[in-house]
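Computed from the coordinates by the stated procedures, all read-outs in this text should not be read as laboratory data. Given the structure is predicted, the values throughout are model-derived calculations rather than measurements. Backbone-built Cβ (ideal geometry, glycine too); neighbour counts: all protein chains shown.
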Amino acid sequence: MDYYYDILLNFDEYYFKFYEWDKDDTIEDVKKIPIKHIDSNTMFDLLVNKIKVDKAFIEGIKNKTKLKDNKVLKYACIFSDSKNALAIEFNENGESINKSSLLLEDEININEFMFNINLTEIKYDILEKDIIYNELRQDRKIKRLIKIEIDNLYKKHNDSKLKYLYLEWFNKLEDERDIMYKQMLNKLNDNLTKKEYDIYELIKISYNNV
């Protein structure tokens, strides 16, 4: 069994690149974790799908991932095809439940280390496609907050505040609440512009002033 030592991992249901890690995430300080050298086709499947590995693989990595303070992560492993690296946490049935990207230095080190490790053939089934986001995590957060706000304003018939946001957003007046609401929702389907960032800040300020 080959291992990598002293690495930070950010296991989450969704896969975030290291530059999208958030200060509120639960970052695991991993002292020791198994690593496997796999081919590029397998790596692609692991990146874009939820998978289930066989019982032999799960038993082989059981309790091998050590955290600080002598804690153990029961089923976890880092996979690399010498170009990309990915950490996956599994449940006892062998199903992938969480993924983590690696900090850049660790990914480079592990990818280089793969040239000294034989390829491992992993038996697995693809369960379903993973959710792959094309937007930055922060942008999704901004869109989600704006949508929550306009949904609440619309449902509570707070038309004065809805009109205010609409005016700031679209730089025009509109009296029909349904039109305002639909246009706002439609705009959130597009890429964010400075206007959406401004609306996001306005919403935050409005609650800070309460």
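Report the rotationally averaged projected area of the chain based on its alpha-carbon convex hull, in square nanometres.
14.9 nm²
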Distance between Cα centroids, the range 1-36 to the range 86-129: provide it in whole Å.
11 Å
Student exercise, the range 103-210 dipole from Lys, Arg, Asp, Glu Cβ charges, in Debye to nearest 20
720 debye
With DSSP loop assignment and no more than 13 other C-beta atoms within 10 Å, the chymotrypsin sites (Phe, Trp or Tyr not before Pro) in the range 71-139 are Y133
Whose amide H sits under 5 Å from the amide H of N49, counting only residues 5 or more places off or on another chain, with H placed in the peptide plane?
D130
Please compare each pair in K83/K143; K23/K194; K17/K68; K129/K163 to a cut-off of 30 Å on the Cα-Cα distance and tell me which ones are over it.
K83/K143; K129/K163
Tell me whether the range 26-132 comes out rounded, prolate or oblate; compute the Cα gyration tensor, take square roots of the eigenvalues as a ≥ b ≥ c, and use a/c under 1.5 as the rounded threshold.
rounded
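Not counting the cut sites, what is the longest span of the chain without GluC sites (Glu not before Pro) that DSSP labels loop and that have at most 15 other Cβ atoms within 10 Å?
After excluding every exposed loop site, the longest remaining stretch is 14-91.
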For the range 3-129, what's the relative contact order in percent, using C-alpha pairs closer than 8 Å and at least 6 residues apart?
33 percent
Electrostatic dipole magnitude of the chain [Cβ: Lys, Arg +1; Asp, Glu -1; Cα centre; debye, to 20]:
500 debye
